[in-house]
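Scroll down for the structure; my scribbles are underneath it.
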Amino acid sequence: MLRIEDAFHVGEQPRRDAMSDGPLTVSVLRDGAAIEREWRAMAARADASVYQQFGWTAAWAESIAREQAIEPVILAIRTAGRLAMILPLGVERIGPLRIARYPGGEHANIRMPLTDADCRGGVEDPVALAKALRDALRAAPTAIDLIDLDALPLQWNGADVPLAHHPDAKPARLPLGRLDLAADLATTLGPERRGRKAKKHRSQVNALAPVGGYRFRRAESEADALALFAQFRAEKAAWFARMGIDDSFAEPGVPAFFHALIARRWRQHEALLDLYAIEFDGSIRAIFGGGEAGGRLSGYFLSVSDDVWRRITPGELLLHDLTAHACAAGLTAFDLGRGDDRYKWSWLQTAEPQVRLILPVTLRGRAGLAMIRMADRLEQRIRSNERLFRLAKAIRRRIRGQESPASDQTAD
């Protein structure tokens, strides 16, 4: 349960921990409990993604933030006295810097403030908004050197995301795509892809006929969801080890975070994490986890069992039936998280441009910004050169003791 520990109202009174910036008033909260009711109501009106839901930040605060010593900071921006925007952040020490980032880190694929459409006019100037946020954080007792907003979409539901249009925003490190859903799978895919996907699906169905076909299912209880997540964790950990990559799901607090999302799904009926699976020949062969909000299903993870049945690409089978299920449920959009994996873009149809905005708060933050930008340019240069990217992965495997490349677990 979140507890309100402290709040600092910027712009209301001329004191050390309060500063004014025109019509904007920024409150710096230690958690979101004090504005939970407003937060939930605003998210419902805005058709926000699952990552902007109160429950997402609450689950993160009681798990990842606690175990990694990350300090939650919730920025509540008001205009003319009305709550217009909420930006949750987590402050962590990275080297000499204290950096504020969006809750969930790399597990959050859409990292934007929650904005009330009725108050958008008061926060639409990105430069003025950024100045108000920096002034508020300079006045707050929590020391912050810079705000790092990666995966910030340029638009949401057809409206500009104000901070994404700040002149200092740069292209994000990884792409995000979306599939717009229609009433059924055939209409959603369109004539060209519909034929390819149908042919693939028929071959899978034929291959599985000798073992009694397959079953697509969603977790039916909290215990069932936890069991599926445990199997996903084991499969993904083995894949990370084969690839010589750090296991992002094994970091402190991350398993507890997903357990908390599952608990909220089943105990509080918040669609923060549902698990889906493909089962045949007596075993689970593919697992998908994602959350739903505003008519959109957002994918968090996908794993495939490493056995002889990989040849029929059970991950592709799962995405086929999951997309059909989302259409039948009346959802309007589907994404598979950030990344340029081939299997994702065989399903997605629309790129959703994202940017990374880094706002220095202190002089130390300005120095840190230069270092981050340098690292970003190097990463983008490597990723854009296929030969360099393969070489970098080979070097990483060699350092970690991997003798040969392993196949991508999810690239079905």
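Coordinate-derived values only; no laboratory data. Computed from a predicted model, the values in this text were never measured in an experiment. In this analysis, Cβ positions are derived from the backbone assuming ideal geometry, glycine residues included, and neighbour counts consider all displayed protein chains.
How large is log10 of I(q)/I(0) for the range 144-211 at q = 0.24, 0.25, 0.27, 0.28 Å⁻¹ when the intensity is taken from the Debye formula with one equal scatterer per alpha-carbon? Cα-only, vacuum Debye calculation for the range 144-211: -1.07, -1.10, -1.17, -1.20.
Here the residues Ser203, Ser346, ranked from fewest to most Cβ neighbours within 10 Å of their Cβ, fall in the order Ser203, Ser346.
Remark on the range 177-336: Rg and Dmax equal 16.0, 46 Å (Cα only).
With only the Cα atoms considered, the chain has a convex hull volume of 146 Å³ per residue.
Look at Val91, Val205 and count the other Cβ atoms within 10 Å of each Cβ; fewest to most, that gives Val205, Val91.
Relative contact order for the chain: what is it in percent, counting Cα pairs under 8 Å that are at least 6 residues apart? Dividing the mean separation by the residue count of the chain yields 20 percent. Here Thr142, Thr57, Thr79 are placed in order of increasing Cβ neighbour count within 10 Å, fewest first, which gives Thr142, Thr79, Thr57. For the chain, modelled as a GNM whose springs connect Cα atoms under 10 angstrom apart, the maximal fluctuation among Pro141, Pro167, Pro210 occurs at Pro210. Could you pull out the longest piece of the chain with no exposed loop trypsin sites (Lys or Arg not before Pro) in it, calling a site exposed if DSSP puts it outside H, G, I, E, B and it has at most 11 other Cβ atoms within 10 Å? In the chain, the maximal stretch lacking such sites is 17-412.
Within the listed set Met374, Met243, Met42, the Gaussian network model of the chain (springs between alpha-carbon atoms below 10 Å) gives the highest mean-square fluctuation for Met374. Between Ile278, Ile312, Ile110, the residue with the greatest mean-square fluctuation in the GNM of the chain (Cα pairs under 10 Å linked by springs) is Ile312.
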